[in-house]
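*Asks:* Got a structure for you, questions after.
Please treat every number below as a calculation from the coordinates, not as lab data. Keep in mind that this is a model prediction, so the values were computed, not measured. Positions of Cβ are generated from backbone atoms using ideal geometry, with glycine treated the same way; all protein chains shown enter the neighbour counts.
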């Protein structure tokens with residue numbers, strides 16, 4: 001499930017809902033992205049996340065579908081936040097449920113690597129020298145591309 | 001062919017608009033041709049589309065390539081490389 005929202009999310013209630021939905025779940029892997037107060041050597045006072053409504057949901061559902069082809073998953077939840085955020089704020093939640101931890105860990109990382117490189121989000125930071133759009137990182141492309149060289153599943 | 005064009009993030013700021021409806025000449029049939037046609041209209045499109053190093057495009061909300069074809073009523077988006085998460 002994909003749910004784009006401005007407000008903060010409650011990790012406990014999201015996990016509780018996933019757990020309650022299926023007694024066969026043996027593992028839940030969870031990633032929480034957090035806004036940092038430093039980027040490229042500059043202090044970051046706040047940031048705004050813009051996205052492409054409609055395409056965001058399609059792109060993320062597509063990523064989850066690809067993860068399901070590689071690992072045995074029960075469910076995947078992606079809650080990306082958009083709008084204004086400050087350092088220490090949570091920015092994205094990914095939670096993946098499976099029978100065993102191996103599939104859950106791998107799929108959770110896979111979803112995040114593809115989210116960072118293929119989902120239409122853009123960050124704008126406020127630093128002491130003004131506002132600036134964040135540049136895409138080559139290291140994120142590398143993190144995604146390494147999945148091409150791994151055997152499906154583990 | 002009539003299409004909708006959306007601009008996001010830095011590109012939206014550079015062209016000064018989030019959205020426009022365009023009636024394309026008949027020979028504009030791909031993303032690459034559209035990009036060239038938009039730039040040929042002069043500033044701000046010429047500058048925004050030419051100077052931004054890596055402009056990405058989507059057609060009907062799916063990532064597109066230069067040769068991706070357009071269709072009547074398509075939603076075409078231009079934007080910088082993504083930086084979410």
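*Asks:* How large is log10 I(q)/I(0) at q = 0.14, 0.20 Å⁻¹ when the Debye formula is applied to the Cα atoms of the stretch A:11-148, each weighted equally and without solvent?
*Replies:* Log-scaled intensity ratios, in q order: -0.69, -1.22.
*Asks:* Taking the Cα atoms of the protein assembly as shown, report the difference between the largest and smallest coordinate on each principal axis, in whole Å and largest first.
*Replies:* Sorted from largest, the Cα extents of the protein assembly as shown read 59, 42, 31 Å.
*Asks:* What 222 nm value per residue comes from the helices of chain A, counting each DSSP H run with n ≥ 4 as -39,500 (n - 2.57) and dividing by all residues, nearest 500 deg cm²/dmol?
*Replies:* Value at 222 nm, helices only, nearest 500: -10500 deg cm²/dmol.
*Asks:* In addition: Over chain A, what is the relative contact order in percent, taking alpha-carbon pairs closer than 8 angstrom and at least six residues apart?
*Replies:* 32
*Asks:* Just how far, in whole angstrom, is the stretch B:44-85 from the stretch A:77-154 if you go by their alpha carbon centroids?
*Replies:* Each part's Cα centre sits 21 Å from the other's.
*Asks:* So, one more: How big, on average over all directions, is the shadow cast by the Cα convex hull of chain B, in nm²? Write out the running numbers ahead of the final one.
*Replies:* On the way: hull surface 20.6 nm².
So the mean shadow area of the Cα hull is 5.2 nm².
*Asks:* Right, next: Quick check on packing: order A:39-47, A:114-122, A:99-107 by the mean number of other C-beta atoms within 10 Å, highest mean leading.
*Replies:* A:114-122, A:99-107, A:39-47
*Asks:* Next up: Using only Cα atoms and rounding to the nearest 10 degrees, what angle (0 to 90) does helix A:101-118 make with the longest principal axis of chain A?
*Replies:* Value to nearest ten degrees: 40.
*Asks:* On to the next question. Could you work out, residue by residue across B:70-78, how many beta carbons of other chains sit within 10 Å of that residue's beta carbon, and then give the average as an integer?
*Replies:* Across B:70-78, the average partner-chain Cβ count within 10 Å equals 1.
*Asks:* Also: Within the stretch B:64-82, what residues put their amide N at less than 20 Å from the label point 7 Å along the Cα-to-Cβ vector of residue A:69?
*Replies:* B:64-65
*Asks:* Using only the alpha-carbon atoms, how far is helix A:55-70 inclined from the longest principal axis of chain A? Give it as 0 to 90 degrees, nearest 10.
*Replies:* Helix A:55-70 sits roughly 40 degrees off the main axis of chain A.
*Asks:* A follow-up question, please. Using packing as a proxy for protection, rank A:69-76, B:39-46 so that the peptide with the highest average count of other Cβ atoms within 10 Å comes first.
*Replies:* Highest to lowest by the protection proxy: A:69-76, B:39-46.
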